[in-house]
1. Considering Cα pairs under 8 angstrom that are at least six residues apart, work out the relative contact order of segment A:143-283 and quote it in whole percent.
2. Quick one: check the C-alpha center-to-center distance for segment A:341-357 versus segment B:426-448, whole angstrom.
3. Going toward the positive end of the dipole of chain B, with +1 on Lys and Arg Cβ and -1 on Asp and Glu Cβ, which of B:LEU396, B:GLY88, B:ALA128 do you reach last?
4. By its C-alpha gyration tensor, with a ≥ b ≥ c as the square roots of the eigenvalues, how is segment A:117-185 shaped: rounded for a/c under 1.5, else prolate for a/b larger than b/c, else oblate?
5. Based on the Kirkwood radius over alpha-carbon pairs, what is the Stokes-Einstein translational diffusion coefficient of chain B at 37 °C with 0.692 mPa s viscosity, in µm²/s?
6. How big, on average over all directions, is the shadow cast by the Cα convex hull of the protein assembly as shown, in nm²?
7. Can you compute the charge dipole magnitude of segment A:276-434 about its Cα centre, using +1 on each Lys and Arg Cβ and -1 on each Asp and Glu Cβ, nothing else charged? Give it in debye, rounded to the nearest 20.
8. Based on the Cβ-Cβ distance from A:VAL36 to A:LEU465, what FRET efficiency comes out when R0 is 30 Å, to the nearest 0.05?
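Please treat every number below as a calculation from the coordinates, not as lab data. This structure is a prediction, so every number in the text was calculated from the model and none was measured. A quick note on method: Cβ atoms are made from the backbone with ideal geometry, for glycine too, and the neighbour counts reach across all protein chains shown.
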Amino acid sequence: MSAAMSSVTNSAMNAVMSLIELQSILPLIVLTLVIVVLMLVVAFKRTHGLTAGFTVAGLLCTLLSIPIAVAVGEQEMTLLSIDRYGIFFAVLLLGVSLASAILSWEYLRHRSGRNEEYYLLLLLATLGALVLAFASHVVSLLLGMELLGVSLYAMISYPDKGKLPLEAAIKYLVLSGCASAVLLFGFALLYAALGSMSFVEMGERLVSATDNEVLILAGTGLVLTGIGFKLSIVPFHMWTPDVYQGAPLPVTGFLATVSKGAIFAALLRLFMEAQLHQYKTLLVALSVLAVASMLVGNLLALQQQNVKRLLSYSSIAHFGYLLITLVAGGVLGVGDFAVEAASYYVVAYVVTTLAAFSVISVLSSDGEGEGEKQWVTDLTGLFWRRPLLAGLLTLSLLSLAGIPLTAGFIGKLYVFASGIEGALWILLGALILGSAIGIYYYLRIIYVMTLQEDNKITGSAIPWLGESVALLLAVLVVWLGIFPQPIMVYIGEFF
Amino acid sequence: MILVNLILILLVGGVIAWISERQHPGLPRWIALLVIVFDLGYLIAASDLSWGKISVVPNPSEAATWLIHYKAEWIPRFGISFELAMDGLSLLMVVLTLVLGAISVSASWTDIKQRTGFFEANLLWTLAGVLGVFLALDLFLFFLFWEVMLVPMYLIIAIWGHEGRGYASMKFFIFTQVSGLMMLFAILGLVVLNQRSTGSYSFSYFDLLGHGVTGDMAYVLMLGFFVAFLVKLPGFPFHTWLPDAHTQAPTAGSVILAGILLKTGAYGLIRFVVPLFPHEAMAFSPIALALGAVGIIYGAVLAFGQDDFKRLVAYSSVSHMGFVLLGVFAWNALALQGAVMQMVAHGLSTAALFMIAGSLQERLHTRDMSKMGGLWQNMPRMGAMAMFFMLASVGLPGLGNFVAEFMVLLGLFKVAPVMAAVSALGLVVAAIYSLAMMQRAFQGKPNEGLRLPDYGAREMLTMAVMVVGLVWLGLYPQPVLDTAQPVLDSLIALVGPVAEVAGDPGNVQVAGITK
C-alpha cells in the first residue's frame, strides 16, 4: 500500500510498481477472465461436458499463474496482501475447488436440468474465497465474503429444484445475510474507534488506543458473532445441519471446505495482524465458544442418521478444536506456533472433509435416479460392495477422528501442543471429551459398512473420474499424516 | 534395519495374504502362518544375539548399549524420529508376540470361514502394530503404533465377532482411544516442558529420560501415561471393556487380545512410567498396589460368577494381570522379574484357555457352561488340555504362572506384607472358580447322544507348544529371567537413588540382594 502511495510523485516509478502489483494479483485476474469467457461459452453453446472441462481448465490455469505471481515477491497493497500465507491458502482453495468441479460434473452428469451456470457460480465463489485468502483490509474481507456467500445461495438450490434445497438456500440466505450485517456493524464500530480499516494499522492503533475500550470490545464481539455464523460455531450453528442436508452433495462439500476454510483463513489473519488477541475478554469469549462447539457439535452428531447432518455436526466440533489454536495465539510467545497449528489444522480438515464428501458424492453419482446416498443405512455392507470407496471413507473418518497415520492426527497433535504451550487446561479437557464422543459416531459408520448385505449392484455408471478424485484426496490425507515435514516448514514462516 | 524389517515383513505379509484369497480361500491361512514363522526365523537369524550380549546391563539413557538400535530422521520440525530399539525385555515380548501370533492363526484355522484373506491380513497387521509398540523408543512413534494397532483389532472384532460384536468392538475402541488421548496429552506435555528447558523439541526416549519436570505437573503427566496403560492392562476400575471384547471376539482375536495386547500395557508401565517418572511413580505406588490387589480379588470373584466360559477366562485375566501391577510397583528386582514372568506365562496359559473356549463354541455353538457338562467323555483330549491349563492358571507349582506369581508375592511381601497377604487370597479364589469351571464344563453327566469331534493333530500340536512352554517356564525359568535381568538391573539402577531418597531401607536392601 505504502509503495503505491509514496510513488505518486514519480509517475514512471508508479507505472512500474503497478505492473508488479498487477503481476502479483495475476491469479485473481486469470480467474476473473475465465469467468467472463465461461459466461460467453455458456451463452453460445450449452454443453455440460464442455462447461465442466472449461471450468477445470480455468482453475488449472489459475493454479499455474501462481508461480508467476510469486516471482515478484511478497506484495502489500491497500486491500490485498499477496504473501506466503495468502498464497498457501489460495493454492489449497483452488485445489479443493478443482476437486469440487470434477465431483460436480460426475454428480450432475446423470441428473436432469440445465446446469451450465452452476460452474459459473462455482468459479465466482472460488474467486471470493481467493480474495478472502489475500484480504488484509476490512473492505476486501467483506467483498470476498459476499462474493462467496451470494454465489453459494444460488449454488445450493441451482441443480435440484426440489423443496429441501430451496429451503436450505433461503435459510442460508437469510441467516448469512443477518450475519453479514452484524459483521458490517462490528467493523463500523471498530472503524469509529480506530480510524482505519487495514488490519495492520488497526493492530498498531489498538496497542495505543485505550480510551475507546467499550467501542472496540463491542466491535470485536460483533465481528466474532458474524464470522461465527459463517463458520457455524455454537451458538451460531443452527443453520448448518439443514443447509448441509438440503444442498446437493458436491455443494455441501464445497461449503464445508472452501467456504469455511477461506473464512477461517481471513479470520486468522485479522486476529493476528489486527492483534485482537490482546483483548482478554475476547479470549474468554472464544474459549467459551470453543468448548460449546466441541461439546454440542459432538453430542448432537451422536444421534444423526443422515451422513450429511452427521458431518455438519462434526465440522462444528472441528471448528471448536480450531478455536483452541486462536485462544493459544493470545498467550504471549505462542502466536507464531498458534498460526502454524491453525494453518495445518485447516489443511487437514479441508482435505479430510472433502475426501469424505467425495466418497458419498461418488456413491450418489452412479446414475441411479436423483436421490442421494445420504443415509447411514445406505452405506450398509459397503465394504463388500465397493471395497475401494469404503476403504477411502474409512480413512477419512479415521482422519476426522484423529487416528495416527492420517492428516487429522497431526492436526490434533498441533492443537494439543498449542493448548499445552498456552496452558489451556479446560479447553484441552473439552478436546479430550469431545474427541472421545466423536469416535463413537465415526466408528458407527465404519461398523455399518462392515455389516453383511446381499451383494446387490446398484446403478449403471462407474464414476471413475470421481473415484480417482476421492482416491487422490485419501492419498493426500495419508501423505499429510506421514510426511508433514515439508508443509510444516512452509507454514512455520508465515508472519 | 532388522527391527524395521521385522515389522515390514508382517505388513507386507498381510497384503499378500489378503490378495491370495482370490486363488483359494484356504491359502491366506498358510501364508499368514508362514509369514509369522519366517519373521521369527528372521529375528533369530539376523539379530545375531548371544547370551554374552544379552547379559550386558544396558545404560537406559544410551542407545548404543541396547541390543539393536535403529534411528532415522522423520519429522525434524518436532524432533520426531523413526527410532526403534531392542533390549532383553522387548526381545522377550517380541518372541512372545510372534509365537502367540502363530498360535492364533492356528486357533482360527476352521473358525473363520468368510473373507479369510482380509481376516489374516488384519491379524498380521495387528501383530505388526504390537511389535511396533514393543520396539518403538520415540514417544511419537510409540503412540502411533499404540493407536494404529487398534484399527485392525477393531475390524477383527467388528467383522468376525459373535452376536454382540458391535457394542463390544465399539467399547474396546473408545476405552483405548480415550486413554490414548490422555497419554498423548502426557507425551506432549513432557515434550513441551522438556523443550522449555533444553530449547529443542525431542520425542526420543533417550532425550526425555533426563527431563527436568518435577512437582505436580510431573505427577499429572505420570498419571496420563499410567491411565493409558492401566486401561490396556486392564486394571481395576478400567477393566470393563475387557470381558465384552474378549467374549465377542473370534478365537484368534481373543488369543491376541489376552496374550499380547494386554501385555503392551504392562510393558508400557515398565518401559515408560517407572523410568520417566521414578519419583512420582514411587509416590503413587501405594495407590497402584491397592488397585492391583483390588483387581486380583475383584476379577477372581467376578470370574466365579460367570456362566459364559469365555467371560470367565476374561475375568480371570483381570485377576492375573493385577499381579503385573503389583510386580511393577513393588519397587524391587524380584517382583519386577515376577511381573515379566507373569506377562509371558499368562500370555501362554490364557491363550490356550481362549482357544479351548473357541473350540467349545465351534462345536457346541454356545459358551454357556450351564448347557455343558461331561464333555470329558466326548472329548478326552480337549478335557485333558483344559485341565492342564486350568491348573497352570491357578498356579500349580512346576508351571510358569506359579513361578511368576510366587516371585511377585515374595518381592511384594518385603515391601508391603499386608498387600501381599490380601493378594495371595486371589490364588484361593482362582482355585475355586477354575475348579468350578472344570466341573461344570467337562465333568458331570454327559449329554446323551452328543457326538463331538475331539482335538485333532493341528489342535494338539498348537496346545503342545503352549504346554511345553509353560512346563519349561515352570521348571527352568532361568533363560527368561536372564534375558530380562540386565534390563531390570538398569531400571533398578535408575530408580535406586529414588528409593534411598524416600528413606525406605527395605527397597534398597532388596535391590541389593537380588543383584
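1. Details: 149 pairs, mean separation 45.2, N = 141.
Value for segment A:143-283: 32 percent.
2. 56
3. Comparing the listed Cα positions along the dipole, B:LEU396 ranks first.
4. Because a/c hits 1.5 or more and a/b fails to exceed b/c, segment A:117-185 counts as oblate.
5. Working: Rh = 22.9 Å.
Estimated diffusion coefficient is 144 µm²/s.
6. Details: hull surface 172.5 nm².
Taking the Cα atoms of the protein assembly as shown, their convex hull projects to 43.1 nm² on average.
7. Working: 7 positive and 8 negative charges, 46 e Å.
It comes to approximately 220 debye.
8. On the way: r = 27 Å, r/R0 = 0.88.
Plugging the Cβ-Cβ distance into 1/(1 + (r/R0)^6) gives 0.70.
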